[in-house]
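Please treat every number below as a calculation from the coordinates, not as lab data. All values derive from a computational prediction rather than experimental measurement. Counting neighbours? That spans all protein chains shown, and the Cβs are built from the backbone with ideal geometry, glycine included.
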Amino acid sequence: MPKQAKAVALISGGLDSLLAARVVMEQGVHVEGINFFTGFCVEGHTHAIRKKDRKRPKRNNALWSAEQLGIKLHIVDIIEEYKDVVINPKHGYGSNLNPCLDCKIFMVNKAREWIDVNDFDFIITGEVIGQRPMSQRKDTMPVIARDSGAGERLVRPLCAKNLPPTLPEIEGWLDRDHLYAFNGRSRKPQMALAKQFGFEDYAQPAGGCCFLTDKQYSVKLSDLWSTRGKREYDLDDIMLLKVGRHLRPRPNFKIIVGREEGENRFLEGYRKRFVHMIPTSHTGPLVLLDGEISAADIELAARLTARFSQGRDAERVTIEVNPKGNDTHSLDVVPLPTDEIPAGWYL
Ligand code: SF4
């Protein structure tokens, strides 16, 4: 009896990776999933915090995809190693700080290491030629296969017929006739295939699978790097960039303003690390101050905090100030008028 081939599928939580894994499973291959946690993933985080996203299911879509497929999912933390991909991408960035091509090479390479250790035969991705401007182009597909070291062990079932045959096709583990030739940005072929497989409730990613494709997020990350004078970050830094309104009124500090109850609760977890303030005379946000802060900065931040509170039109608002390691005190301030907040303060 011929051996049952084993493949690992990169599962992002989106439709394409779900379909790619399923297409291969249809051919009798044993498939397991792998999901890489970079810290920038959109999955579950802000959806769980923000009210406006409440209609979206609070689930980890990668786990959900694996459940739909009935396969085992390996979630691998790559936060530390991934920093070099974000900070020094050999192939550069996309339209924002998204290093998609280096990211794909890195992830396929990690999957290649994984199949070597776990004695699997090949790797599956949901890539489609022409779908994404940076990493999913006809000329970059071979670069990913080559630079990741996966070579012919990398199969893209959704567009395989547009690419040279891979090892599993040559070995007869996969029948090329039952792979696909999707091409371009249209989602219609994927939606039709999803219907054929009976998948209805799949994730519809807008823009990309991570925050690095987001313009505003990239502005905040660039600001973090330029004010620190070096390109580095830790997990808390990149989590905080996902939450709140960020304003930089002075080069030496910025404020992070909770926009709603969920965000205030999330920011509370960071109170010990930051000077923070909260209105006590009126309902209002928790505000974190990030940077080297002078007494004059405290006054300005308190007036901004008052501006974002329910007391924005009041004559004075009382703000509780909590310096790091010092005694809490209160300030009575005049809310900063909206027309005195330059647009350039908003990150
Ligand atoms: S969108 Fe983010 S996770 Fe997806 S390939 Fe680009 S950099 Fe990587």
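Could you order peptides 278-284, 240-246 by the average number of other Cβ atoms within 10 Å of their residues, highest first? Mind dumping the intermediate values first?
Details: 278-284: 17.9, 240-246: 20.4.
Taking the mean over residues of other Cβ atoms within 10 Å, the ranking is 240-246, 278-284.
Extension gain for ASN252-LYS72 works out to 60.0 nm (0.36 nm per residue, less the C-alpha to C-alpha distance).
Put a plus charge on the Cβ of each Lys and Arg, a minus charge on the Cβ of each Asp and Glu, and nothing anywhere else: the dipole of region 126-196 about its Cα centre is then about 480 debye. Normalised by the number of residues in region 121-237, the mean separation of alpha-carbon contacts (under 8 Å, six or more apart) gives a relative contact order of 20 percent.
Summarising the amide proton neighbourhood of VAL275: residues at separation of 5 or more, or on other chains, whose placed amide H is nearer than 5 Å comprise LEU289, LYS324.
Just so you know, the Cα atoms of the chain work out to an Rg and Dmax of 24.0, 84 Å. Phi angles of region 157-162 translate, via the Karplus equation with coefficients 6.51, -1.76, 1.60 and θ = phi - 60°, into HN-Hα couplings of x, 7, 9, 4, 6, 8 Hz per residue; Gly and Pro are given as x.
Ranking request for peptides 288-295, 323-330: highest mean number of other beta-carbon atoms within 10 Å first, then the rest in descending order. The partial results should precede the final answer.
Numbers: 288-295: 16.5, 323-330: 10.5.
The packing order, highest mean first, is 288-295, 323-330.
Between the beta carbons of ARG265 and HIS178, assuming R0 = 35 Å, the FRET efficiency works out to 0.10 to the nearest 0.05.
Note on region 98-202: Cα Rg divided by 2.2 N^0.38 Å, N the number of residues, gives 1.08. Computed over all pairs of different Cα atoms, the Kirkwood value for the hydrodynamic radius of region 248-347 is 13.3 Å.
Taking every eigenvalue of the Cα gyration tensor of region 65-157, multiplying by 5 and rooting it, what semi-axes result, largest first, whole Å? Don't skip to the end; give the middle numbers.
Values: eigenvalues 94, 53, 39 Å².
That gives 22, 16, 14 Å for the three semi-axes.
Taking 0.36 nm per residue of separation and subtracting the Cα-Cα distance, full extension of the segment from ILE79 to ILE170 would add 29.2 nm.
When DSSP assigns beta bridges and you keep just the ones with both residues in the chain, what percent turn out antiparallel, to the nearest 5? Write down the numbers at each step before the final one.
Details: 23 of 40 bridges.
The antiparallel fraction comes to roughly 60 percent.
Which Cα, out of PHE274, PRO157, CYS41, lies furthest along the positive dipole direction of the chain (beta carbon charges, K/R +1, D/E -1)? Value computed over the given set: PRO157. Over the chain, Cα pairs under 8 Å with separation of 6+ residues give a relative contact order of 15 percent. Centre-to-centre, using Cα atoms only, region 65-143 and region 270-347 are separated by 42 Å.
Find how much the distance from ASP139 to ARG228 grows on full extension, using 0.36 nm per residue of separation minus their present alpha carbon separation; answer in nm with one decimal. Mind dumping the intermediate values first?
Details: separation 89, 0.36 × 89 = 32.04 nm, distance 3.68 nm.
Result: 28.4 nm gained on full extension.
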